[in-house]
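Rule-based calculations on the coordinates, nothing more; no lab input. Everything numeric here is computed off the predicted structure, so don't read it as measured data. Quick reminder, even Gly has a Cβ in these numbers, built from the backbone with ideal geometry, and neighbours come from all protein chains shown.
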Amino acid sequence: MNTFSETKTIELCLKKYYGYTDFKEGQRLAIESIINRKDTLILMPTGGGKSICYQIPALLFSGVTLVISPLISLMKDQVDTLRDMGIEATYINSALDEVEMSDRYEGIQAQRYKMIYIAPERIESRLIRDIIRYNTIDFIAIDEAHCVSQWGHDFRPSYRNIANILNKLPYRPVIAALTATATELVRDDIMDQLALYEPEVFVTGFDRKNLHFSVLKGVNKKRYIGQYVKKNSESSGIIYCGTRKETEMLYHALERMHIAVGMYHGGMSMDERRRHQERFIYDDYKVMVATNAFGMGIDKSNVRYVIHHNMPENIESYYQEAGRAGRDGEKSACILLYGPGDQKLRRFLIEETPDISPERKKYRFAQLQKMVNYCHINTCLRVQLLGHFGEASSEEMCDGCGNCDGKAHRVDITTESQKIISCILRMKERYGVSIVAEVLKGSKSKKVSGTPLESLSTYGILREYTLIQIKEMIHLLIAEGYLHMTQDGYPVIKVTQEAESILYGNKKVYSNRIEIVAIESSDQLFD
Ligand code: ADP
């Protein structure tokens, strides 16, 4: 139970230091849990207001708070902001020179700091020993806590050290782990790896009501982006590409269209990256074309759209990247442009990961399949996304996604689905999407022609459709759970128990066809 004065103090802090009168969803409960000295796991989306959740307790504890954060660029900003607010804070990371480091040591000895931000690779025993020699560590906040889990999308081995260091402390401070991205598996792993003691878990605010989610299939991606950016030339946007090469191509194409565009990927020098990032943050560049190297820790509030030129590897990465739109609460768009090549690219990148364990590989393939399912599902995209984060949505339909806003055109594909399922059964469930689609199409390709597949009764029963359309329908049936794609070795489609209801005519299947407006090729650059 919190006393009246405790509650009042929290509120006073919020007002005095941050100038806010109300807490955002979930903040108050998380803060109360920490100041009641409970280990706490906080799952809040990007922009949800995690910093305040650990900064207010840090202000209220009498001793010092350590904040472990992997984001070196963000660390300096946060510390500068805290100092502007009159709070003594500092940071320790590998970017400091000797003079700066000894200045920090002096500050530690003089008990000058209320908050010390530390990069995970610097959290070694000696440093911590020095800190506790002169200070009491009341509280440790671990930001981006999913980095501790190998099931997270951004595993950092240096995070594994944290638990060892904690174990060596002569006393146990309160620990809070914070992340924007965590499925149940990652969540459990964070609690295990950091050895949190009976933690209070808060999952809040994943629903970003101001974001409109949509998936577009079958569009000419480059042309669509060119048109979209021109049409929204007053707005800031981020376009994520799957590879550095594609990032460069799109960047140059937009530049040729005289769009103020920046670029960001891991192959650029630090200086170049910083320059492009700053110009984007200060609105000199309206658009940023980037790989997923861009954005972690970027607090730009007026991003009006995030377009994914390629599908990311998993829903967590997608939600985090898309979530960089609309941090100011204004209506913003998150558009995923799906092409069949995306899945191949992602599979390839997983296959090519060096030293990946078979277990980890299987897990990543399963996560990839969930992402592919998201691209093909007909039901509410928001429900699908929130379900992934363990946050139930009260609604079956929203008005803020491409599947619910009434713009999609609903088509009954029950008969087509029956034909697809029968064909897979006749093919003895031994083939992948491409070959099944070719058989249904009645293809004359080498893989099918002249083989026993050609004499199946289902050969060519969907010949009126294009191969792409047939594959789309197969993916839809996978996404809806009627078919299943194996994750070991070569992916093969199997028919699930649920498919029976379609075969026996007890259940209907619908496809959402979003009308793609033919765009005049005014812009030859994108051809
Ligand atoms: P996160 O770390 O979860 O991405 P931040 O802590 O950076 O989010 O907060 C996101 C934005 O929300 C910041 O601009 C912050 O000032 C603002 N914010 C946080 N808490 C509140 C609040 N209670 N009222 C209004 N704005 C808030």
note = Expressed in angstrom and rounded, the centroid-to-centroid distance over alpha carbons for region 60-98 and region 222-295 is 30 Å
query = Considering only DSSP beta bridges whose two residues both sit in the chain, what percent are antiparallel, to the nearest 5?
reply = 15 percent
key: Part-to-part distance (alpha-carbon centres) for region 429-495 and region 365-424, which is given in Å   = 20 Å
message = Can you return the lysines within cross-link range of residue 230? Criterion is Cα-Cα under 23 Å, with same-chain partners fewer than 8 residues away left out.
response = 217, 221, 222, 245, 286, 300, 331, 407
query = Which trypsin sites (Lys or Arg not before Pro) in region 26-58 pass both tests, a DSSP loop state and at most 14 other beta-carbon atoms within 10 Å?
reply = 37
inquiry  = Principal axis extents for region 149-303, Cα atoms only, whole Å, descending order, please.
reply    = 61, 35, 27
message = Against the empirical 2.2 N^0.38 Å scaling, what ratio does the C-alpha Rg of region 146-223 come to?
response = 1.54
ask   = How high is the FRET efficiency between residue 84 and residue 412 when r is their beta carbon distance and R₀ equals 60 Å, given to the nearest 0.05?
value = 0.50
request  = Based solely on C-alpha atoms, express the radius of gyration and the Dmax of region 1-120 in angstrom.
outcome  = 14.9, 47
remark   = the chain -> Rg/Rh from Cα coords, Kirkwood Rh, value 1.01
query = Nearest 10 degrees, 0 to 90: what angle lies between the long axis of helix 184-193 and the longest principal axis of the chain (Cα atoms)?
reply = 30 degrees
Pair-distance profile P(r), taking every C-alpha pair of region 74-167, with 5 angstrom steps and integer % = 2, 12, 22, 25, 20, 12, 5, 1, 0
At 1.306 mPa s and 10 °C, Stokes diffusion of region 382-451 via Kirkwood alpha-carbon radius, µm² per second = 103 µm²/s
task = Working from Cα positions, state the angle (0 to 90°, nearest 10) between the long axis of helix 340-351 and the longest principal axis of the chain.
result = 50 degrees
inquiry  = Can you tell me, using C-alpha contacts under 8 Å and at least 6 residues apart, the relative contact order of the chain as a whole percent?
reply    = 13 percent
query = Cα axis of helix 4-13 to longest principal axis of the chain: angle in degrees, 0 to 90, nearest 10?
reply = 80 degrees
Under 19 Å from the Cα of residue 508 - lysines, other chains or at least 8 residues apart = 419, 471
note = Over all pairs of different Cα atoms in region 449-510, the reciprocal of the mean inverse distance gives a Kirkwood radius in Å of 13.4 Å
query = Taking the Cα atoms of region 302-438 alone, what are Rg (to one decimal) and Dmax (as a whole number) in Å?
reply = 17.4, 54
message = Restricting the calculation to Cα positions, tell me the Rg (one decimal) and the Dmax (whole number) of region 418-461 in Å.
response = 8.9, 26
Of the GluC sites (Glu not before Pro) in region 26-101, those whose Cβ has at most 16 other Cβ within 10 Å and which sit in DSSP loop = 88
